[in-house]
């Protein structure tokens, strides 16, 4: 279950981004994005709300960075 299906987001709860524990610092419901930071690091980033779950996931995925090609 992703969090977009559940409107009860709480910035005080722990969530997961893939298999990493994150804390939600801001919710952008209008554009379905959330600002999160890793629970054990000071790194903040914005991701699609569908990528945040209550439990860790082990689904296989690829980085969009791998799709970059050399543009000349």
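Bear in mind these aren't lab numbers, they're just calculated from the coordinates by the rules spelled out. Everything numeric here is computed off the predicted structure, so don't read it as measured data. Cβ: placed from backbone, ideal geometry, glycine included. Neighbour counts: every protein chain shown.
Extension gain for residue 46 to residue 58 (0.36 nm times residue separation, less C-alpha to C-alpha distance): 2.3 nm.
When 37, 12 are arranged by Cβ crowding within 10 Å, least crowded first, meaning fewest neighbours, the order is 12, 37.
So between residue 39 and residue 14, what do we pick up on full extension, going 0.36 nm a residue minus the alpha carbon distance? Present the calculation step by step, with values, prior to reporting the outcome.
Values: separation 25, 0.36 × 25 = 9.00 nm, distance 0.81 nm.
That pair, residue 39 and residue 14, stretches by 8.2 nm at full extension.
This ranking places 27, 43 by how few other beta-carbon atoms lie within 10 Å of each, fewest first, which gives 43, 27.
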